[in-house]
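Below: one structure, written as C-alpha cells.
The values are calculated or read from the model by the stated rules, or taken from the named source; none is laboratory data. Not measured: the values here are computed from a predicted model. Neighbour counts are summed over all protein chains in view; Cβ atoms, including those assigned to glycine, are modelled from backbone coordinates with ideal geometry.
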C-alpha cells in the first residue's frame, strides 16, 4: 500500500530554529516553573533536564510529579506574539502544496499554538487535521501511545504514514509502528533513526521523491524525475544508455537486475 499521510511536526520543523519561537516558549516555561510551581530559579534548568529525560517533556513530568493543570500550562507557555517571529512563507506553501499526500500536524504543544504557527506561515489551509497535546490525552512524542492515538483517530496504520520531525528521539517510536521517517537536521548531522535526513523542510519534496523509481523508454522524461530525487531506469531497447538514467537496461525483463543495482 502506498503511503498516503504526511505527519509533520510544527515548531522548528516548518520553520528554521533561528526564528526564535521555541526560545520564547522556553523562557515562559521557566517562568511557569518559578511563578506557578514555586521552583527556585537557580534550579529550573536542572529540573527541566530531569523531566525531559524521565518523561519526554517538561509538561508530562510536571503532570506526574506535581499534578499541574496541563491546560493552564499550555496557555501560559504559548502566550507569545507569533507575528513578531513568523511570516508567510511562499516557498513552503509551494513545497507542501505540490506533495500529493494528506497533511496532518502533530505537535507537543497546544493545538491553538500549532494553528497559530500554520496561520502565520500561510499553510493552514493545506492541513487536514492538527493534533495538539489536548487530543492526545497530553501524552507527548516520543511515546508510542501518542502516535497510536493519532493513527487510531485517522483510521490509519503506521505503514500509511511518513513522519517529518526535527527531533531525532521522536522518530524511533514512529519507525517501530512502520512509518517512514524524515529528519529535518537544520545543518546538523543526519539522524540514524531517520530513513532520510534533510537540511530544511523546503527539501521535503525531493526527499520524498527518493521513495520512487521511474522506469521509462524516453530519456527526456527522466530529467524532471531526477530533479525531484527519484531514481531512474531507462529501457534502451538496444540503444545506447541514457546519461539521465541511474541504470539503463535493454528490456523491462531486466528490471529485477536493475532494481538490485539501485538497492
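Screening residue 94 against (1) in a helix (DSSP H, G or I); (2) within 30 Å of residue 155 (Cα to Cα); (3) in contact with a helix residue (DSSP H, G or I) (Cβ under 8 Å, 6 or more places away or on another chain) leaves a single unmet condition, (3).
When the stretch 213-263 is filtered for residues that are at positive phi and at pLDDT 90 or above, the ones remaining, listed by number, are 237, 238.
Residues of the stretch 127-169 that are in a strand (DSSP E or B) and buried (at least 18 other Cβ atoms within 10 Å of the Cβ): 127, 130, 131, 161, 162, 163, 164, 165. Counting only strands (runs of 3 or more DSSP E) that fall entirely inside the stretch 178-236 and contain at least 1 residues that are farther than 27 Å from residue 141 by Cβ and more than 14 Å from the chain's Cα centre (by Cα), the qualifying elements are 213-216, 231-235. Taken over the stretch 237-247, the residue count meeting the criterion of being under 18 Å from residue 260 (Cα atoms), in contact (Cβ under 8 Å) with a residue 12 or more places away in the chain and surrounded by fewer than 20 Cβ atoms within 10 Å (Cβ to Cβ) is 1.
Regarding the stretch 97-109, can at least one residue be identified that is part of a helix (DSSP H, G or I) and modelled with pLDDT of 95 or more? Looking for residues that are part of a helix (DSSP H, G or I) and modelled with pLDDT of 95 or more, one finds none in the stretch 97-109, hence no.
Quick check: anything in the stretch 23-34 within 30 Å of residue 155 (Cα to Cα) and either at pLDDT 95 or above or outside the structural domain of residue 160 (by TED's automatic domain parsing) (or both)? No, every residue in the stretch 23-34 fails to be within 30 Å of residue 155 (Cα to Cα) and either at pLDDT 95 or above or outside the structural domain of residue 160 (by TED's automatic domain parsing) (or both). For the stretch 204-235, the set of residues classified as buried (at least 16 other Cβ atoms within 10 Å of the Cβ) and more than 30 Å from residue 92 (Cβ to Cβ) consists of 215, 216, 219, 233, 234, 235, listed by residue number.
Report yes if residue 194 is modelled with pLDDT of 90 or more, surrounded by 16 or more Cβ atoms within 10 Å (Cβ to Cβ) and within 22 Å of residue 175 (Cβ to Cβ), otherwise no. When the stated conditions are applied, residue 194 passes them. The residues of the stretch 35-68 that are part of a loop (DSSP other than H, G, I, E, B), under 29 Å from the mean Cα position of the chain (by Cα) and over 16 Å from residue 108 (Cα atoms) amount to a single one, 68.
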